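Peer 1: Right, I'll just put the structure down here and ask away after.
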Amino acid sequence: MSRQEKIQGVRGMNDILPDDEALWQRFEEAVGDCMRGYGYRRIRTPIVEHTRLFVRGIGEVTDIVEKEMYSFTDALNGEELTLRPENTAGVVRASLEHNLLYDGPKRLWYTGPMFRHEKPQKGRYRQFHQVGAEALGFAGPDADAEVILLCQRLWDDLGLPGVQLEINSLGHSDERRAHREALIAYFEANKDRLDEDASRRLYSNPLRILDTKNPAMQSLVEAAPKLTDFLGPESQAHFDRLQKLLHAQNLPFRVNPRLVRGLDYYNLTVFEWVVDGLTICGGGRYDPLVEMLGGKPSPACGFAMGVERVLELMRKAGAPLDPAVCDVYVVHQGDASQLAALQAAERLRDAALDVVLHCGGGGFKAQFKRADASGAFLALVFGEDELAAGEVTLKWLRGDDGAVGAGRQQRVAIDRLTEVVIDAIAQD
Ligand code: ATP
Ligand code: MG
């Protein structure tokens, strides 16, 4: 038979391999602890939603809806569906559908894969993961401060230095409207300096022009009218109070008047966590969204962080990784030994030990190589000698300092095996 063509994974969608598992688990545990520590409860929504949820919830004139969504028609029933590009819209949809806000505000969090059709590059993928928190039904700057403090605690728990907070206020819609007019007038007066994206957005979403990454336009947007100069007293008070709460916690931040965020539904507070110019987490207040999605008006704020970007920082910070996959590796030779080894392995698992039983035969030398590579603390040897005597040989694979091949050996009676192994591991 001719060799079959190898089928590759989809571009920009990554396999997460077992060697990365310890890193992911360390991250996920820290996230779970943090969320619990602030009273957030996990919600799991589907990866697929109706396309109109995102069109309405994210906004038509955004990068995501304009060009990044994996949208398709379900060939079986004609429904227009989309792989979720973010999860705030999904969480709000689910909260309304199940009436979660009936007895007051809710703190929710999620994690999982998101999908955006972008040009894949380091830190930018087509399937990537986000962790997010949503504080639904909270109007005050205290909730904004809370979600920000939660993030800071996570960076601290993960040992990530140098993550910097930038904040801004987008005010309310009437304030944004006045600013928008000033902005359009300013950009119209500088029409020849706008790039293609900016010209297209001049009337549809001029605020987004401020978010441009085009170096040629930096000085133009730098001098553009600032939204913070258009804030009314109420918006200003909200922004001031947030800053006061952050100061009180000694949390350093920078007010960045050009911070606008990509999504349409933000108002008042917006923030980003940035490391060396790369945003790892963004969030803010999105008071209009619940009503836009058909609910009773209800204020809300939250954030979404890019998991892959955080993991990359953890790698750089030298996150300690434990390569061990088991406590005990069991080697054996011959049919009778295999049977005894299998039974012993099951007993050890009954006692909650992690056991890898050698499969596939081979000499003791080859089996010990596997045992060493497994990271196990102990090898158990079921040989013919041992079996005849009703015994097992314990071999210590790692010394107290974790060095491979510590070499100590001991023979024990099979019926005492579990207690001896537990003792040996407890002394590790
Ligand atoms: P950017 O300006 O980098 O495209 P964004 O504004 O589209 O970011 P958000 O929608 O705010 O990003 O998503 C929150 C976080 O999710 C980002 O700060 C980033 O860390 C991460 N993220 C966004 N898109 C991707 C992607 N394609 N691959 C990996 N991580 C991503
Ligand atoms: Mg983007």
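Peer 1: Measuring from label point to label point, each 7 Å out along Cα→Cβ, what is the residue 156 to residue 6 span in nm?
Peer 2: Label-label distance for residue 156 and residue 6, simple model: 4.7 nm.
Peer 1: Please compute the net charge surrounding residue 414, taking Lys and Arg as +1 and Asp and Glu as -1 over other residues with Cβ under 11 Å from its Cβ.
Peer 2: Residues close to residue 414 contribute a combined charge of 0.
Peer 1: Another one. Place a point 7 Å from Cα of residue 67 in the direction of its Cβ. Which residues in the range 168-195 have their backbone N less than 15 Å from it?
Peer 2: What the label zone holds, given the 15 Å backbone N cut-off, is 195.
Peer 1: Then there's this: Could you check which residue among 269, 279, 73 shows the biggest mean-square fluctuation in a GNM of the chain with a 10 Å Cα cutoff?
Peer 2: In the Gaussian network model the winner is 73.
Peer 1: While we're on this one: Once both labels are modelled 7 Å past Cα along the beta-carbon direction, what's the residue 14-residue 352 spacing in nm?
Peer 2: Spacing of the two 7 Å Cα→Cβ label points: 3.4 nm.
Peer 1: Pairs of lysines 8 or more apart, or on different chains, with alpha carbons under 26 Å: count those in the chain, would you?
Peer 2: 19
Peer 1: If I take the Cα coordinates of the chain and project them onto the principal axes, what are the three extents in Å, biggest first?
Peer 2: 93, 62, 46
Peer 1: With springs only between Cα atoms under 10 Å, which of 218, 249, 338 fluctuates most in a Gaussian network model of the chain?
Peer 2: Among 218, 249, 338, the largest GNM mean-square fluctuation belongs to 338.
Peer 1: For residue 409 and residue 22 in one chain, what is 0.36 nm times their gap in residues minus the Cα-Cα distance, to one decimal in nm?
Peer 2: Full-extension gain reported as 136.3 nm.
Peer 1: Which of the peptides 17-23, 238-244 is most tightly packed, and how do the rest follow, going by the mean number of other Cβ atoms within 10 Å of each residue?
Peer 2: Highest mean packing first, the order is 238-244, 17-23.
Peer 1: Once you put a point 7 Å from the Cα of residue 222 and another 7 Å from the Cα of residue 389, both along the Cβ direction, what distance in nm separates them?
Peer 2: Those two pseudo-labels are separated by 8.1 nm.
Peer 1: Related question: When Lys and Arg each count +1 and Asp and Glu each count -1, what net charge do the other residues less than 13 Å away from residue 238, Cβ to Cβ, add up to?
Peer 2: With Lys, Arg at +1 and Asp, Glu at -1, the neighbours total -3.
Peer 1: What whole-number value in Å² describes the accessible area per residue of the range 328-426 for a 1.4 Å probe? Walk me through the numbers before you get to the answer.
Peer 2: Details: 5250 Å² over 99 residues.
Accessible area per residue, the range 328-426: 53 Å².
Peer 1: Two decimals, Cα atoms only, Kirkwood Rh: what is Rg/Rh over the range 85-230?
Peer 2: 1.01
Peer 1: Moving on. If you roll a 1.4 Å probe over the chain with all protein chains in place, what percent of the accessible area is carbon or sulfur?
Peer 2: In the chain, the share of accessible area belonging to carbon and sulfur is 50 percent.
Peer 1: Now a separate question. Before rounding to the nearest 500, sum -39500 (n - 2.57) across all DSSP H runs of length at least 4 in the chain and divide by the residue total; then give [θ] at 222 nm in deg cm²/dmol.
Peer 2: Helix-only estimate at 222 nm: -11000 deg cm²/dmol.
Peer 1: May I ask you to compute the full-extension gain from residue 366 to residue 185, defined as 0.36 nm times their residue separation minus their alpha-carbon distance, rounded to one decimal in nm?
Peer 2: Roughly 57.5 nm would be gained on extension.
Peer 1: Between residue 203 and residue 79, what is the FRET efficiency for a Förster distance of 25 Å, r being their Cβ-Cβ separation, to the nearest 0.05?
Peer 2: Computed FRET efficiency for residue 203 and residue 79 comes out at 0.15.
Peer 1: Counting only the backbone N, which residues of the range 217-244 are under 14 Å from the spot 7 Å out from the Cα of residue 178 toward its beta-carbon?
Peer 2: Zone members listed by number: 226-237.
Peer 1: Another question, if that's okay. Solvent-accessible area per residue for the range 1-121 at a 1.4 Å probe radius, Å²? Write out the running numbers ahead of the final one.
Peer 2: Working: 7510 Å² over 121 residues.
Computed with neighbouring chains in place, this is 62 Å² per residue.
Peer 1: Equivalent ellipsoid semi-axes for the range 328-426, as square roots of 5 times the alpha carbon gyration tensor eigenvalues: give them largest first, rounded to whole Å.
Peer 2: Gyration-tensor ellipsoid for the range 328-426: 18, 16, 13 Å.
Peer 1: Only bridges with both residues in the chain count here: give the DSSP antiparallel percent, nearest 5.
Peer 2: Among the beta bridges of the chain, antiparallel pairing accounts for roughly 80 percent.
Peer 1: What fraction of the DSSP beta bridges in the range 251-397 is antiparallel, stated in percent and rounded to the nearest 5?
Peer 2: Taking every DSSP beta bridge with both residues in the range 251-397, the antiparallel ones total about 65 percent.
Peer 1: If you don't mind, another one. Mind checking the full-extension length gain between residue 241 and residue 99? Use 0.36 nm per residue of separation minus the Cα-Cα distance, one decimal, nm.
Peer 2: 48.0 nm
Peer 1: Sorting check: for 86-97, 289-300, which peptide has the highest mean count of neighbouring beta carbons within 10 Å, and how do the rest follow? Don't skip to the end; give the middle numbers.
Peer 2: On the way: 86-97: 21.8, 289-300: 17.3.
For the peptides 86-97, 289-300, the packing ranking is 86-97, 289-300.
Peer 1: While we're here: Counting Lys +1, Arg +1, Asp -1, Glu -1, what net charge surrounds residue 297 among other residues with beta carbon under 10 Å of its beta carbon?
Peer 2: On the way: positive: 296; negative: 287, 291.
Every neighbour counted, the sum reads -1.
The values are calculated or read from the model by the stated rules, or taken from the named source; none is laboratory data. Keep in mind that this is a model prediction, so the values were computed, not measured. FYI the Cβ positions are ideal-geometry reconstructions off the backbone, even for glycines, and counts take in every protein chain you see. Side chains included, ligands, DNA and RNA excluded: accessible areas come from the protein's heavy atoms. Shrake-Rupley method; radii C 1.70, N 1.55, O 1.52, S 1.80 Å.
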